[in-house]
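Structure record follows, encoded as structure tokens.
The values are calculated or read from the model by the stated rules, or taken from the named source; none is laboratory data. The structure displayed is predicted, hence computed values, not measured ones. Positions of Cβ are backbone-derived with ideal geometry, glycine not excepted, and every protein chain shown enters the neighbour counts. These area figures cover heavy atoms from the full protein model, side chains too; ligands, DNA and RNA do not enter into them. Shrake-Rupley method; radii C 1.70, N 1.55, O 1.52, S 1.80 Å.
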Amino acid sequence: MIECGEIKHYFQIKNELIKENGIVYFGNRIIIPKALRNYVIKKLHETHLGITKTLKKIKLIFYWPGMSSDVKNFIEKCELCRKVSISKIKEPLLQHEIPELPFQKIGIDIAEVERSNYLVVMDYYSRWLEVLSIKNKTSDSVIQLLNILFSRFGIPEEVVCDNNHCGSREFKNFAKEWHFNITISSPNYPQSNVLAEKAVGIAKNIIKKAKSENKD
């Protein structure tokens with residue numbers, strides 16, 4: 001049942017509402033009835049991303065009055081997110097120029113979670129995140145996965161990584177053959193590859209939360 005406050009709100013935007021095949025839209029976003037709102041938030045929060053990222057996702061597709069508050073309240077009460085919360089301590093960041101195109105520049109790193117390794121890749125332009133299971137931390141294994149990734153997204157102009165993964169002769173030959181540049185981050189200053197460091201933190205939390213709920 002729609003509350004009086006919501007009726008007034010929808011009346012104010014009535015000229016922007018469209019009904020098609022039994023679904024009501026506000027612009028190009030689907031209006032969700034009250035009975036389904038918790039279900040929608042729960043589905044979007046399955047990967048246990050934070051409030052900001054969940055809101056960014058939900059605002060692209062759905063709409064209802066007070067949606068931001070409902071999402072915030074739901075996530076703040078999520079026990080798993082509280083349990084696997086990351087530190088809020090801010091570290092000094094090394095700024096990188098934003099590329100002009102998606103996948104023009106990427107950062108890569110290895111995340112280790114419960115004895116399993118994952119290649120974590122983040123695009124500097126779009127912040128697109130890829131998390132790929134990897135057999136071991138060798139250059140050959142990294143190259144095999146990047147071959148697959150490059151076939152899907154194209155070959156980047158620059159790959160930012162640490163010396164452990166990109167400093168080998170095999171990886172340098174791979175870069176030469178595929179025509180991309182390697183930028184090695186400093187081992188004593190991980191913030192020089194801050195985007196990959198951030199991506200590793202996000203990936204680890206997603207994996208830990210999935211494992212805690214016995215999800216793939």
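Out of (1) without any contact (Cβ under 8 Å) to a residue 60 or more places away in the chain; (2) closer than 18 Å to K211 by Cβ, the odd one out for N147 is which? Unmet condition: (2).
Meeting the requirement of 2 or more residues that are open to solvent by 10 Å² or more (accessible area, probe 1.4 Å) and closer than 14 Å to N164 by Cα, the strands (runs of 3 or more DSSP E) wholly within the range 103-144 are 105-113.
Just one of (1) in contact with a Phe, Trp or Tyr (Cβ under 9 Å, 6 or more places away or on another chain); (2) closer than 24 Å to H45 by Cβ trips up N205, so point out which. Unmet for N205, out of (1) in contact with a Phe, Trp or Tyr (Cβ under 9 Å, 6 or more places away or on another chain); (2) closer than 24 Å to H45 by Cβ: (1). The lone criterion from (1) modelled with pLDDT under 85; (2) closer than 30 Å to R29 by Cβ; (3) surrounded by 12 or more Cβ atoms within 10 Å (Cβ to Cβ) left unmet by L94 is number (2).
Might you let me know whether the range 101-111 holds any residue that is among the β-branched types (V, I, T), at pLDDT 75 or above, in contact with a Phe, Trp or Tyr (Cβ under 7 Å, 6 or more places away or on another chain) and farther than 16 Å from I202 by Cβ? Looking through the range 101-111, none of the residues is among the β-branched types (V, I, T), at pLDDT 75 or above, in contact with a Phe, Trp or Tyr (Cβ under 7 Å, 6 or more places away or on another chain) and farther than 16 Å from I202 by Cβ. Inspect the range 146-160 for any residue being at pLDDT 90 or above, among the hydroxyl-bearing types (S, T, Y) and over 18 Å from A203 (Cα atoms) and give the result as yes or no. Yes, the conditions are met somewhere in the range 146-160.
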